[in-house]
1. Among (1) within 12 Å of ligand 2 (Cβ to nearest atom); (2) not in a strand (DSSP E or B), there is one condition Ile41 misses while meeting the rest; what is its number?
2. Take Ser95 and tell me if it is away from ligand 1 (no atom under 13 Å from the Cβ) and of a type in the set (Gly, Ala, Ser).
3. If Gln143 satisfies all but one of (1) in contact with a helix residue (DSSP H, G or I) (Cβ under 9 Å, 6 or more places away or on another chain); (2) farther than 15 Å from Tyr88 by Cα, what's the number of the condition it fails?
4. Out of everything in region 2-26 that is away from ligand 2 (no atom under 16 Å from the Cβ) and of a type in the set (Asp, Glu), what residue ends up being surrounded by the most Cβ atoms within 10 Å (Cβ to Cβ)?
5. Residue under question is Gln111, and the condition is that it be over 21 Å from the mean Cα position of the chain (by Cα), polar (S, T, N, Q), surrounded by fewer than 16 Cβ atoms within 10 Å (Cβ to Cβ) and within 19 Å of Leu90 (Cβ to Cβ); does it hold?
6. Among the candidates Leu91, Leu68, single out the residue that is more than 16 Å from ligand 2 (Cβ to nearest atom), under 21 Å from the mean Cα position of the chain (by Cα) and part of a loop (DSSP other than H, G, I, E, B).
7. Go through Leu52, Leu24 for me and flag whichever is near ligand 1 (Cβ under 10 Å from one of its atoms), in contact (Cβ under 8 Å) with a residue 24 or more places away in the chain and over 20 Å from the mean Cα position of the chain (by Cα).
8. Could you grab me the full set of residues in region 133-173 that are buried (at least 24 other Cβ atoms within 10 Å of the Cβ) and among the basic types (Lys, Arg)?
Amino acid sequence: MNNSISIHIDRLYKSFENNGKSELVLNNITFDVHKGEIVSILGQSGCGKSTLLNLIGGFEEKDEGSILFNGKEVTKPSRKSVMLFQNYGLLPWRSVQRNVELGLENSGMSQEEMKEHAFYYIKMVGLDDKAEHFPRQLSGGMQQRVAIARALAIEPELLLMDEPFGALDTFNRYYLQDELLKIQNKSHTTIVLVTHDIDEAIYLSDKIVVMGKNPGSVQREINIDTYKPRDRSGGEFQDYRRMILKEFQLNSSLPPIEFNI
Ligand SMILES: Nc1ncnc2c1ncn2[C@@H]1O[C@H](COP(=O)(O)OP(=O)(O)OP(=O)(O)O)[C@@H](O)[C@H]1O
Ligand SMILES: [Mg+2]
């Protein structure tokens, strides 16, 4: 297999048992993620985005098909990948500082290095004055930022993020989107990001996988080849917006245009 491919998903199916009935959640999903790419999975609530990400991370078992990470079938979570869960997954009995240190504990860093490294990311997410607070003492957006800091601090090869900026206000969201791009630009981390925010997907991604629902399926793959950072108010950005709104058959109140991308 082409060794520039990080994740290869081929004819993947997944269903859940609900009240004695089997519900098909993912139907024949096929796509690739190349090394160093940011790929967004974009779709409406309930279309199976989290399920798909959990499968890629090895936290769920598939029914049929295959998911390869670095050419190997995913059967369990890998040390080379980190998952940022939709519900943050913070440990309530640990301070912000100790939550961010969690993923570094078996990394071979000394206590001092670990402290410094974790604090660097805590500072980056703007929580340096909250390092000794516990999760319950933070707002939802702040808790989300701790989870982001913890995931980034591990500096993994593959970062899986489930709506990482969902609880943030616009200012923090834009700021952290830019920070993520800067980090990724330096580290070339492969990122798969779940979102239902069309603008976020366009701003961050090299490729958007648009999912349809009932059952969840890949409706379209859209490559975004423009330079980053992108101009959120620019014409090209608006063209992509229109293209995606059309996929969801939402009226963008703009005149129809032809796409040949
Ligand atoms: N563990 C589970 N057991 C049973 N059904 C599940 C389970 N996890 C997800 N589902 C079902 O699978 C479908 C897809 O759920 P999923 O959480 O993947 O959607 P999503 O696209 O992430 O939605 P959202 O944007 O609201 O987070 C839903 O119908 C949900 O009820
Ligand atoms: Mg979800």
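The values are calculated or read from the model by the stated rules, or taken from the named source; none is laboratory data. Quick caveat: nothing in here was measured; it's all calculated off a predicted structure. All Cβ positions, even for glycine, are placed from backbone atoms using ideal geometry, and neighbour counts span all protein chains on display. The protein model used for the area step is the full one, side chains on, heavy atoms only, and it has no ligands, DNA or RNA in it. Shrake-Rupley method; radii C 1.70, N 1.55, O 1.52, S 1.80 Å.
1. It fails just one condition, (2).
2. Working: away from ligand 1 (no atom under 13 Å from the Cβ): yes; of a type in the set (Gly, Ala, Ser): yes.
Taking the combined requirement at face value, the residue satisfies it.
3. (2)
4. The extreme case among them is Asp10.
5. Details: over 21 Å from the mean Cα position of the chain (by Cα): yes; polar (S, T, N, Q): yes; surrounded by fewer than 16 Cβ atoms within 10 Å (Cβ to Cβ): yes; within 19 Å of Leu90 (Cβ to Cβ): no.
So Gln111 does not fit the description; no.
6. Details: Leu68 fails: part of a loop (DSSP other than H, G, I, E, B).
Just one listed residue meets the conditions, Leu91.
7. Numbers: Leu52 fails: over 20 Å from the mean Cα position of the chain (by Cα).
Of the residues listed, the single one that is near ligand 1 (Cβ under 10 Å from one of its atoms), in contact (Cβ under 8 Å) with a residue 24 or more places away in the chain and over 20 Å from the mean Cα position of the chain (by Cα) is Leu24.
8. Arg145, Arg150
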